[in-house]
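Beneath this line is the structure, given in structure tokens, with notes to follow.
The values are calculated or read from the model by the stated rules, or taken from the named source; none is laboratory data. All of these numbers come straight from a predicted model, not from anything done at the bench. Cβ atoms come from the backbone with ideal geometry, glycine included; neighbour counts cover every protein chain shown. Surface accessibility is based on the protein's heavy atoms, side chains included, excluding ligands, DNA and RNA. Shrake-Rupley method; radii C 1.70, N 1.55, O 1.52, S 1.80 Å.
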Amino acid sequence: MNTGSVTIGFDIGGTNLRGGVVDAHGHIIDMHAIPTPRTAEGLEQGIISITQKLQREHNVQAIGVAVAGFLDAECSTVRFAPHLPWRDRNVKQVLEAALDMPVTLEHDANSAAWGEYIFGAARGARIWSLFSLGTGIGGAIMIDGTLFRGAYGTAPEYGHLQVVPNGRPCACGKTGCLERYCSGTALVTTAMENASNFDSPLAQTCMRAPGQVTGHTIFDAAEAGDPLGVHAVGEFADWLGLGLGIVGDVIDPELIVLSGGVSTRSELYLSRAYERYLRTPVGSAHRPHASVKTAKLGAEAGMIGVAHLAAGTRVHEG
């Protein structure tokens, strides 16, 4: 067994539940993942099982859970999570009772932002925002080292800004949300909607075996020059540029960091998205613009950040 004290950070995506053992330097030294369970009890049991498995090899002192949803002011109850089954559930209490160790809950984007601020691309930034691209869109704002949560703990929700009236339905209950046009799942939707307009290998897969189409396969197709893949990624880039422009108008940050699984393919869309962003904010030709970077910690930013918080770091209320 590894006798050094460590924490486990959990990243709960719409697809996978991952638990990583993180040391004091922000390094993931072990990891286990399972498909994300679809019930509240199943999700909690998944966290418990992964923790117990990793405890056999590591001296785990606490766990942190990054949640894609709304938390209460005490960060103990998950009020609502569009892609997860928790509803008004005191997850902290349930997990602490089962595991007999401290549990820290944090919004997934806040967790990623904290990881990037401590160990990654945002070190030294004063006013900046994280824009997380995965199954959906997450966001975080940091000002002088403090996470801004809003009056009731739910800010910011970039992914659920309505950008298309009466547009695509969203899991949150609204329609036309930004994440329905700019996320991993949105990329698949765009490809499916446009497949009949193209004659290409990706188009054939969309029509004959739609279950095989993922965001990654679309990025791979675009990289190979597939016309449908190029079109879908281009639309994604344009929506991302619009989203970044909204962030620029509202916050006027010095830096925007892209995180999440989709950010790992940024070489395929970031240049186009940034060009769109530069044209979007009001007075764009007469003002400075934020630099846009991809997360240094990649898709592990949330896991590392929430593990660091669980190890004892405390973020003051914004």
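The Cα center of segment 142-163 and the Cα center of segment 8-71 differ in position by 24 Å. Between R38 and E74, the modelled label-to-label distance comes to 3.3 nm, taking each label 7 Å out from Cα in the direction of the beta carbon.
Applying 1/(1 + (r/R0)^6) with R0 = 35 Å to the Cβ-Cβ distance of S49 and Q212, what FRET efficiency is obtained, to the nearest 0.05? List each step's numbers first, then the result.
On the way: r = 29 Å, r/R0 = 0.84.
With R0 = 35 Å, the Cβ-Cβ based efficiency is 0.75.
Starting from a Cα-only point model with no solvent, please compute log10 I(q)/I(0) by Debye for the chain at q = 0.09, 0.13 1/Å. So the normalised log intensities are -0.45, -0.93.
Taking every C-alpha pair closer than 8 Å and separated by at least 6 residues, the mean separation divided by the residue count of the chain gives a relative contact order of 20 percent.
How long are the semi-axes of the ellipsoid equivalent to segment 28-99, from square roots of 5 times the Cα gyration tensor eigenvalues, in whole Å, largest first?
Details: eigenvalues 94, 38, 24 Å².
Gyration-tensor ellipsoid for segment 28-99: 22, 14, 11 Å.
So what's the gap between the Cα centers of segment 247-293 and segment 171-224, to the nearest angstrom? That distance is 23 Å.
Using the Kirkwood radius over Cα pairs, work out the Stokes-Einstein diffusion coefficient for segment 16-145 at 25 °C and 0.890 mPa s, in µm²/s as a whole number.
Once the numbers are plugged in, D ends up at 158 µm²/s.
Rounded to the nearest 500 deg cm²/dmol, what is the calculated helix-only ellipticity per residue at 222 nm for the chain, with -39500 (n - 2.57) per DSSP H run of length n ≥ 4? All intermediate terms of the calculation are to be shown ahead of the outcome.
Values: 9 runs with 110 residues, N = 318.
Calculated at 222 nm, the ellipticity per residue is -11000 deg cm²/dmol.
Working from label points 7 Å from Cα in the Cα-to-Cβ sense, the D88 to E275 distance is 5.0 nm. Can you work out D for segment 124-294 in µm² s⁻¹ from Stokes-Einstein, where Rh is the Kirkwood radius over C-alpha pairs, the temperature is 20 °C and the viscosity is 1.002 mPa s? In µm²/s, the coefficient rounds to 130. Per residue, segment 124-294 exposes an accessible area of 43 Å² to a 1.4 Å probe, with every protein chain left in place. Within the listed set K53, K293, K92, the residue fluctuating most in the Gaussian network model of the chain (springs between alpha-carbon atoms under 10 angstrom) is K53. Across segment 209-318, Cα-Cα pairs farther apart than 21 Å form 49% of the total. Each of D249 and A24 was given a label point 7 Å from its Cα along the Cα-to-Cβ line. The distance between the two points is 4.7 nm.
What percent does the relative contact order of segment 124-294 come to when contacts are Cα pairs within less than 8 Å and at least six residues apart? Before the final figure, lay out each step's value.
On the way: 308 pairs, mean separation 38.0, N = 171.
Once normalised by length, the contact order is 22 percent.
Expressed to the nearest 5 percent, the antiparallel share of DSSP beta bridges inside segment 1-124 is 55 percent.
I need the GluC sites (Glu not before Pro) found in segment 31-105, filtered to DSSP loop residues with at most 15 other beta carbons within 10 Å of theirs.
Details: sites: E41, E44, E57, E74, E96; in loops: E57, E74.
Qualifying residues, ordered by number: E57, E74.
The DSSP beta bridges internal to the chain are antiparallel in roughly 55% of cases. In terms of packing, defined here as the mean over residues of other Cβ atoms within 10 angstrom, the peptides 58-65, 79-86, 176-183 line up highest first as 176-183, 58-65, 79-86. Computed over protein heavy atoms with a 1.4 Å probe, the accessible surface of segment 1-118 works out to 41 Å² per residue.
Return the carbon/sulfur percentage of the accessible area of segment 34-113, one whole number, probe 1.4 Å, all protein chains in place.
Values: 1590 of 3250 Å².
C and S fraction of accessible area: 49 percent.
Overall, the accessible surface of segment 124-294 at a probe of 1.4 angstrom is composed of carbon and sulfur to the extent of 54 percent. If both residues of a DSSP beta bridge must be in segment 124-294, then about 55% of such bridges are antiparallel.
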